[in-house]
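J.: The following block contains the structure, expressed as structure tokens.
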Amino acid sequence: MEKREPRLMIVSAPSGCGKGTIMERAFKENEVFYSVSCTTRGPRPGEVPGKSYHYITTEEFEKMIAEDSFLEYAKYNQTYYGTPRKPVEENLAAGKDVILEIETQGAFKVKELRPEVSSLFILPPSIKELRRRLHKRATEDEETIEKRVAQAAGEIAQADKYDYVIMNDDLDPAVEDFKAVIDGIRGEREPAVRFSPKNEEIKNMIREVLENA
């Protein structure tokens with residue numbers, strides 16, 4: 001069988017949507033390369049340096065910007081986040097699929113640079129449920145949670161610009177939907193066009209998530 005080209009894939013979801021759990025369940029170890037973003041914020045409880053993020057200083061981050069070392073980067077509330085360019089390009093060159101776990105602003109920047117990228121957005125069941133999950137984590141104060149909810153609503157409103165959209169309402173079906181999309185992107189099964197935001201059902205799903213605040 002002819003070896004296929006490696007795939008560059010974006011996965012986006014608001015904080016609290018469980019994208020990390022879904023990907024952990026969906027991928028076998030070493031099956032894909034997870035791009036680890038850089039950030040200038042400190043680690044949160046449970047985060048692992050080098051796995052969750054590369055935690056660097058603002059000075060180090062701005063030096064990397066000057067050296068064009070990021071595929072994309074953004075600044076939120078005085079905190080930088082960015083995708084290092086070199087590991088992504090090296091793994092694609094080595095024939096490995098690459099996953100970028102990034103937010104919408106970064107996703108659209110990567111789409112401009114790499115039009116061949118495939119993108120997937122994971123929805124929460126509702127804005128109301130997302131707020132409940134963030135409160136349940138108990139890692140942030142009320143003001144920060146409300147900022148996250150507002151940011152999430154803005155990101156969800158742009159979900160229809162992605163190639164595929166799924167919902168994490170129930171983990172097991174969400175993992176199966178995720179696998180269907182990824183396997184379709186890889187050419188291992190038919191493209192999962194039922195999850196395209198061009199479909200009226202998906203458009204309605206995005207709208208209902210936003211309306212249920």
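J.: Answer yes or no: is there a residue in segment 68-76 that is in a strand (DSSP E or B), touching a helix residue (DSSP H, G or I) at 6+ places or on another chain (Cβ under 9 Å) and exposed (fewer than 14 other Cβ atoms within 10 Å of the Cβ).
T.: Step one: filter segment 68-76 for residues in a strand (DSSP E or B), giving 70-76.
Checking the rest, the ones that are also touching a helix residue (DSSP H, G or I) at 6+ places or on another chain (Cβ under 9 Å) come to 70-74, 76.
Narrowing the set further to residues that are exposed (fewer than 14 other Cβ atoms within 10 Å of the Cβ) leaves 76.
Within segment 68-76, one or more residues are in a strand (DSSP E or B), touching a helix residue (DSSP H, G or I) at 6+ places or on another chain (Cβ under 9 Å) and exposed (fewer than 14 other Cβ atoms within 10 Å of the Cβ).
J.: Among (1) at pLDDT below 95; (2) closer than 30 Å to residue 115 by Cβ, which single condition is residue 133 missing?
T.: All conditions are met except number (2).
J.: Ok, one more. Select the helices (runs of 4 or more DSSP H) contained entirely in segment 113-204, then report the ones holding at least 2 residues which are in contact with a strand residue (DSSP E or B) (Cβ under 9 Å, 6 or more places away or on another chain) and farther than 25 Å from residue 33 by Cβ.
T.: Fully inside segment 113-204 and qualifying: 142-156.
J.: Still on this model: Would you check if residue 24 is part of a helix (DSSP H, G or I) and among the acidic types (Asp, Glu)?
T.: Against the criterion (part of a helix (DSSP H, G or I) and among the acidic types (Asp, Glu)), residue 24 qualifies.
J.: Here is a further query. Among the residues that make up segment 57-64, is at least one of them part of a strand (DSSP E or B) and of a type in the set (A, V, I, L, M, F, W, C)?
T.: no
J.: Got a sec? Which of 112, 208, 188 is over 29 Å from residue 46 (Cα atoms), surrounded by fewer than 19 Cβ atoms within 10 Å (Cβ to Cβ), in contact (Cβ under 8 Å) with a residue 60 or more places away in the chain and among the charged types (D, E, K, R)? Talk me through it step by step, then tell me what you get.
T.: Values: 112 fails: in contact (Cβ under 8 Å) with a residue 60 or more places away in the chain; 188 fails: in contact (Cβ under 8 Å) with a residue 60 or more places away in the chain.
After ruling out the rest, the residue left standing is 208.
J.: Next question. Hey, residue 158 hits all of (1) crowded, with 19+ Cβ neighbours inside 10 Å; (2) at pLDDT 95 or above; (3) polar (S, T, N, Q) but one; which does it fall short on?
T.: Every listed condition holds for residue 158 apart from (1).
J.: Could you grab me the full set of residues in segment 38-57 that are surrounded by fewer than 14 Cβ atoms within 10 Å (Cβ to Cβ) and of a type in the set (Gly, Ala, Ser)?
T.: 42, 46, 50, listed by residue number.
J.: Let me ask something else. Which is of a type in the set (Asp, Glu) and over 24 Å from residue 184 (Cα atoms), of 67, 89? First the steps, then the outcome.
T.: Numbers: 89 fails: over 24 Å from residue 184 (Cα atoms).
The unique qualifying residue is 67.
J.: Would you be able to say whether some residue in segment 25-37 is at pLDDT below 95, polar (S, T, N, Q), exposed (fewer than 12 other Cβ atoms within 10 Å of the Cβ) and closer than 18 Å to residue 144 by Cβ?
T.: The answer is no; no qualifying residue exists.
J.: Being within 27 Å of residue 70 (Cβ to Cβ) and either surrounded by fewer than 16 Cβ atoms within 10 Å (Cβ to Cβ) or acidic (Asp, Glu) (or both) is the filter here; which residues of segment 115-139 pass it?
T.: Scanning segment 115-139 gives 115, 116, 139.
J.: Let me confirm something: among 75, 51, which residue is under 25 Å from residue 176 (Cα atoms) and either within 18 Å of the chain's Cα centre (by Cα) or in contact (Cβ under 8 Å) with a residue 60 or more places away in the chain (or both)?
T.: Unique residue meeting the criteria: 51.
J.: Would you please name the residue that is nearest to residue 18 (Cα to Cα), looking only at residues in segment 77-92 that are modelled with pLDDT under 95 and either of a type in the set (Gly, Ala, Ser) or in a loop (DSSP other than H, G, I, E, B) (or both)?
T.: The residue in question is 77.
J.: If you don't mind, another one. Confirm whether residue 9 is assigned to a helix (DSSP H, G or I) and either of a type in the set (Gly, Ala, Ser) or touching a residue at least 12 places away in the same chain (Cβ under 8 Å) (or both).
T.: no
J.: Now a separate question. Looking at 103, 90, 60, which is the one that is within 29 Å of residue 3 (Cβ to Cβ), acidic (Asp, Glu) and surrounded by 11 or more Cβ atoms within 10 Å (Cβ to Cβ)?
T.: Answer to the check: 90.
The values are calculated or read from the model by the stated rules, or taken from the named source; none is laboratory data. As the structure is a prediction and not an experimental result, all values here were calculated from the model. Neighbour counts run over all protein chains shown; Cβ positions are idealised from the backbone, glycine included.
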